[in-house]
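First up is the structure itself, then whatever we jot down about it.
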Amino acid sequence: MLKMAFYGKGGIGKSTTVSNLAAVFAEQGLRVMQIGCDPKADSTVNLHGGTRIQTVLDLVRDKNDNFSLDEMMHIGYRGIACVEAGGPVPGLGCAGRGIIAALEKLQKKGAYESYRPDIVLYDVLGDVVCGGFSMPMHKGYADKVFILTSGENMSIHAAANIAMAVDHFRARGYATLGGFILNRRDVPNEDAKVEELADDFHSRIIGRIPRSRVIQEAEPLYQTVIQAFPESDAAACYRTLAKSILATFQEETC
Amino acid sequence: MKQTASILSVYAADTSGACSALYELGGMSVIHDASGCNSTYTTHDEPRWYHQDSMVFLTGLTEADAILGNDEKLVGDLVQTAMELRPRFIALCGSPVPMMVGTDYDALAIEVRLKTGIPCFGIHSDGMHSYLHGASQAFLHVCEEFCETSVPRNQNTCNILGLTPLDFSTNGSVQKLRNILERNGFRVIAPLGMDCTLEEVSQMGSASVNLVVSHAGLATAQWFQERFGIPWVAGVPVGTEFSRQVLMSMQSSAQTGKCAVPCAETRHDAAQDAPLVVGEAIFAGSLAAALETETGAPVRILCPLEHDASLLRKTDSTTEDEDEIAALFTTATGVVADPLYRPVCPATVPFHPLPHEAYSGRCYRHLIPDLIGTPIAPLLAAKENVECFVLTK
């Protein structure tokens, strides 16, 4: 079972990228689970036709602990198991603690043992703002962290913060940094800026996603590019990225 | 009002359970908390506190430390203290605030272990579970850490699993338990939790059978079964006839390798109006079994604590809800429970007080009877000899 977490500045395209990767892995015949770790609960929306699915914290709110694993997982495109952690009432409670509670519930209900996914993708909200949002990096959850960024300064700043957190937690046996994913915004010197960032953390860019109208056109269809435009250049790009990600796991075992 | 107790007390929390389980083993138990968890433990839940030394500390977590995620200060304090005191191990126990901010005790334990060379483990306590939850984790960690793996099996030997004063107080019942086992041919290798050393723990894998005397010992018993093939028997040898049944189960399990649960298996399903025993699953089940053998009538139990379904009969109850407990009491022909349950027991239902340290702490400690190997039926005949809190309008 390969477990990976995706971080990056809000709005950088994590959910779009993660859903497309999930779709690529699924079309390769792998069993895939995508877990949205964002109170907005919209990580997996393009994997099940835009329908709103019940989140783990909705279930906790309604049923305390009296719910089954099947109620937490919703099967979407090509059998992908979609889970949304959900969050508290906006403006109240603690979103970070919510992520912890949701991930603990998944583990307690035996999600990994029962569904036996080959690939688990954690799509995590924005920056590592507190202990809750570092939970997917903890031992027993993701093995590798991938950071999405563009060449925009704010995005690079957020990516550096996340990379520092990963580095800081190294002694604890947490997830290691798998690499950076450049999601282009076509700003000047974009590649050079992100390459410099990767060098600073002794890492590298493992994939470059071009700015593409196809990606934007798939969104209103509530589909991934892989599903809506499987022959497009963007789809080919996601397939290449998926291959690079799997290669980072193989490098470690070699 | 569901999940609200306006009259009843609550059981000792998981932090107390963890510290209690580890108290005598020469380790350092550290509760990661501002304050409160430690004084509750030492004042109410730990009868050994005033006459037996143990290294139990509090981290003094501040609001700023919690908000800022100041784990480095915690690790530094743990390392410095451990290097000065050289404990045999370090247990880092959680509490509500660290739980809320997602403190990763296991990761911190790895850091401390690396820096000190002293075995260190995290206890996932959060103050929201009972003492059994904390004690269970603590016992398992100690065994995983210190049990030698290549010890030869010894015939007619046993360990006692699940012992803390929270269930057995300090009234001599542990020594009596040990005596009754040894009189019946079982040498006790380790009474884990009370009157036990780490050297004894290291030899626990050589036992021919484990006696589980509370739910706090069940996970450890299952670990010994998986790791060493040692079968376990769940029951406390209370009463005369039931004690004999527990000892027979131990002899049988030691020979066949099969586990047994005499605290549930020797009982029969009871009618709704049967007498009710309230408490921890194995202890209460053993009392009920002893009462049944002595009176001939089945007895129900109410276990409002963490439990395993295999330890109970299907006619037993597990509710924690105050209203549901009060309703259960109205249908019983008698209730055996801690005196602090008395206020929800109707005056028409005979109430037989049996103080439980994990429930009423030190309040009735001097009245906790030693029931090991002694007849239980007189409990039901006893008059209410304990002053109970009674609600007045």
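So for the range B:262-272 (the condition being buried (at least 16 other Cβ atoms within 10 Å of the Cβ), out of contact with any strand residue (DSSP E or B) (no Cβ under 9 Å at 6 or more places or on another chain) and part of a loop (DSSP other than H, G, I, E, B)), does at least one residue qualify? Yes, the range B:262-272 contains at least one residue that is buried (at least 16 other Cβ atoms within 10 Å of the Cβ), out of contact with any strand residue (DSSP E or B) (no Cβ under 9 Å at 6 or more places or on another chain) and part of a loop (DSSP other than H, G, I, E, B). Take residue B:282 and decide whether it is crowded, with 19+ Cβ neighbours inside 10 Å, part of a helix (DSSP H, G or I), in contact (Cβ under 8 Å) with a residue 12 or more places away in the chain and outside the structural domain of residue B:18 (by TED's automatic domain parsing). Yes: the conditions hold for residue B:282. Among the conditions (1) surrounded by fewer than 19 Cβ atoms within 10 Å (Cβ to Cβ); (2) away from chain A (no Cβ under 14 Å); (3) out of contact with any Pro (no Cβ under 9 Å at 6 or more places or on another chain); (4) of a type outside the set (Ser, Thr, Tyr), residue B:82 misses just one, which is (1). Just one of the listed residues (A:147, A:99) is in contact with a Gly (Cβ under 8 Å, 6 or more places away or on another chain), buried (at least 24 other Cβ atoms within 10 Å of the Cβ), within 12 Å of chain B (Cβ to nearest Cβ) and touching a residue at least 60 places away in the same chain (Cβ under 8 Å), namely A:99.
Note on the range A:104-125: residues that are β-branched (Val, Ile, Thr) and either more than 15 Å from the chain's Cα centre (by Cα) or within 14 Å of chain B (Cβ to nearest Cβ) (or both) amount to 1. Residues in the range B:285-301 that are buried (at least 16 other Cβ atoms within 10 Å of the Cβ) and more than 18 Å from residue B:371 (Cβ to Cβ): B:298, B:300.
When the residues of the range A:126-135 are filtered to those that are within 11 Å of another protein chain (Cβ to nearest Cβ) and within 20 Å of residue A:12 (Cα to Cα), the one that is surrounded by the fewest Cβ atoms within 10 Å (Cβ to Cβ) is A:129. Tell me yes or no: at least one residue of the range A:38-55 is of a type outside the set (S, T, N, Q), under 23 Å from residue A:249 (Cα atoms), touching a residue at least 40 places away in the same chain (Cβ under 8 Å) and not in a helix (DSSP H, G or I). Checked the range A:38-55: no residue is of a type outside the set (S, T, N, Q), under 23 Å from residue A:249 (Cα atoms), touching a residue at least 40 places away in the same chain (Cβ under 8 Å) and not in a helix (DSSP H, G or I).
Each residue in the range B:302-317 was checked for being within 17 Å of the chain's Cα centre (by Cα) and within 11 Å of residue B:284 (Cβ to Cβ), and 7 of them qualify.
Every condition in (1) surrounded by 19 or more Cβ atoms within 10 Å (Cβ to Cβ); (2) under 26 Å from residue A:139 (Cα atoms) holds for residue B:23 except the one numbered (2). Residue count for the range B:98-138 satisfying the condition of being touching a Leu at 6+ places or on another chain (Cβ under 6 Å) and either in contact (Cβ under 8 Å) with a residue 60 or more places away in the chain or more than 14 Å from chain A (Cβ to nearest Cβ) (or both): 5. Quick check on residue B:296: is it without any contact (Cβ under 8 Å) to a residue 12 or more places away in the chain and either touching a strand residue (DSSP E or B) at 6+ places or on another chain (Cβ under 7 Å) or in the same structural domain as residue B:335 (by TED's automatic domain parsing) (or both)? Against the criterion (without any contact (Cβ under 8 Å) to a residue 12 or more places away in the chain and either touching a strand residue (DSSP E or B) at 6+ places or on another chain (Cβ under 7 Å) or in the same structural domain as residue B:335 (by TED's automatic domain parsing) (or both)), residue B:296 qualifies.
The strands (runs of 3 or more DSSP E) falling completely within the range B:155-227 include none with 3 or more residues that are charged (D, E, K, R). Among the numbered conditions (1) surrounded by fewer than 24 Cβ atoms within 10 Å (Cβ to Cβ); (2) more than 14 Å from chain A (Cβ to nearest Cβ); (3) touching a residue at least 60 places away in the same chain (Cβ under 8 Å); (4) over 27 Å from residue B:340 (Cβ atoms), the only one that residue B:91 does not meet is (1).
Where helices (runs of 4 or more DSSP H) sit wholly within the range B:31-99, those with at least 2 residues that are within 19 Å of residue B:116 (Cβ to Cβ) occupy B:71-85. Would you check if there is a residue in the range B:41-62 being within 14 Å of chain A (Cβ to nearest Cβ) and of a type in the set (A, V, I, L, M)? Checking the range B:41-62: at least one residue is within 14 Å of chain A (Cβ to nearest Cβ) and of a type in the set (A, V, I, L, M). Answer yes or no as to whether residue B:234 is small (Gly, Ala, Ser), within 20 Å of residue B:289 (Cα to Cα), modelled with pLDDT of 95 or more and within 19 Å of the chain's Cα centre (by Cα). So residue B:234 passes the test. Of all the numbered requirements in (1) surrounded by 18 or more Cβ atoms within 10 Å (Cβ to Cβ); (2) modelled with pLDDT of 95 or more, residue A:191 misses one, and that requirement is (1).
Would you confirm, using the coordinates I've provided, whether residue A:166 is more than 15 Å from residue A:36 (Cβ to Cβ), buried (at least 22 other Cβ atoms within 10 Å of the Cβ) and within 14 Å of chain B (Cβ to nearest Cβ)? Taking the combined requirement at face value, the residue satisfies it. Could you please find all residues in the range A:76-94 being over 17 Å from the mean Cα position of the chain (by Cα) and among the hydrophobic types (A, V, I, L, M, F, W, C)? Of everything in the range A:76-94, those that are over 17 Å from the mean Cα position of the chain (by Cα) and among the hydrophobic types (A, V, I, L, M, F, W, C) turn out to be A:89, A:92, A:94.
The values are calculated or read from the model by the stated rules, or taken from the named source; none is laboratory data. Please read these numbers as outputs of a predicted model, since none were measured by experiment. Here the Cβ is made from the backbone with ideal geometry for all residues, glycine too, and neighbour counts use every protein chain on show.
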